[in-house]
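The values are calculated or read from the model by the stated rules, or taken from the named source; none is laboratory data. Fair warning: this is a prediction, and the values are worked out from it, not measured in the lab. Heads up, the Cβs are rebuilt from the backbone with ideal geometry, glycines too, and the neighbour counts pull from every protein chain shown.
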Amino acid sequence: MKRLLLISAFATLGACNSSQSDYESEMAPKLEVAMIEQADTLHSAAQQKTSPAQTEPDNPASFSYMAYRYNYGFSLPAKNVASTAKSHADICLNAGPDKCQVLSSNTHSNGADYVTARLQIRGEPSWLETFKADMQSSIKDAKGELVNSSVNAEDLTRQILDTDARLKAKKTLRSRLEQHLETRDAKLNDLLAIERELARVQGEIESATTTLAVLKKRVSMSVIDVNYQSKAVAVSRSSISPIKRALKDFIGDISHGLASVIRFFAAILPWMIFVIIPLLWLLRWFWRRRKASPKARKPKAST
């Protein structure tokens with residue numbers, strides 16, 4: 001009976017629309033609304049027929065999907081930073097992708113006394129408890145210490161429940177559309193519209209399935225950020241390295257200084273011979289001549 005009513009509705013819509021494009025633009029949303037309403041009606045009827053003992057309580061507040069992120073900061077001798085970070089990454093890799101996944105790993109060195117490293121992994125919660133214990137033990141063996149730690153939690157309950165509800169509704173709609181495609185006495189235009197709607201719904205189902213899988217992955221595996229930094233020392237090799245470099249460069253600096261003096265005299269010598277010395281001699285000659293001329297013009301005293 002319901003199938004006949006739906007086919008009648010398709011025929012009415014086909015008669016009211018004069019063009020194929022107008023029919024397609026109105027057919028898709030109305031068809032989806034009709035399918036969802038029909039699914040809701042069937043679901044309500046099924047709930048009424050189910051006994052209270054068999055009905056599962058639908059209370060979203062009873063669900064809790066939390067994604068945890070842990071942060072740890074360690075301080076240890078500079079020579080042990082890179083090796084310790086690598087050992088922690090190896091523990092994750094050896095556990096396998098089902099237990100742990102390395103998201104990023106890097107090491108930075110600014111001299112022998114300043115080394116930093118960062119490791120980001122994603123692991124299964126029960127395995128992470130063992131990893132944390134092993135990590136603390138290796139840090140202690142490397143003569144390091146914990147300097148900071150924190151944990152953050154993101155509630156993904158609403159996103160997961162909403163995505164799951166939409167996914168179930170789309171799957172129900174897909175089943176109804178597939179059933180109506182099997183109707184042999186339906187019009188060609190109706191069948192084409194159902195096929196297009198079925199393709200659109202299938203795409204939304206695949207997208208929602210991927211989104212739901214990613215969200216559940218964040219819940220099932222927590223993220224750990226580990227930062228390593230070298231300990232500060234009172235007198236480090238880098239603090240006296242300028243003196244060492246100065247002593248090593250002492251002879252070289254003297255050589256460069258002498259070379260600069262030689263280049264200076266080599267550049268100024270032609271000017272001294274051909275310009276400066278002759279000019280000074282002329283100035284001296286002119287000055288002596290001028291100084292002697294008043295005496296030559298001075299009259300002799302009468303006797």
Legend entry - So Asp113, is it modelled with pLDDT of 90 or more and not polar (S, T, N, Q): no
Inset, instruction - Kindly provide the set of residues from segment 104-153 that are surrounded by 14 or more Cβ atoms within 10 Å (Cβ to Cβ), closer than 30 Å to Lys216 by Cβ and within 20 Å of the chain's Cα centre (by Cα), ordered by number. - result: Ser105, Arg118, Leu119, Gln120, Ile121, Arg122, Gly123
Inset, instruction - Consider Asp113 carefully, then state whether it is among the acidic types (Asp, Glu), in contact with a helix residue (DSSP H, G or I) (Cβ under 7 Å, 6 or more places away or on another chain) and in contact (Cβ under 8 Å) with a residue 12 or more places away in the chain. - result: yes
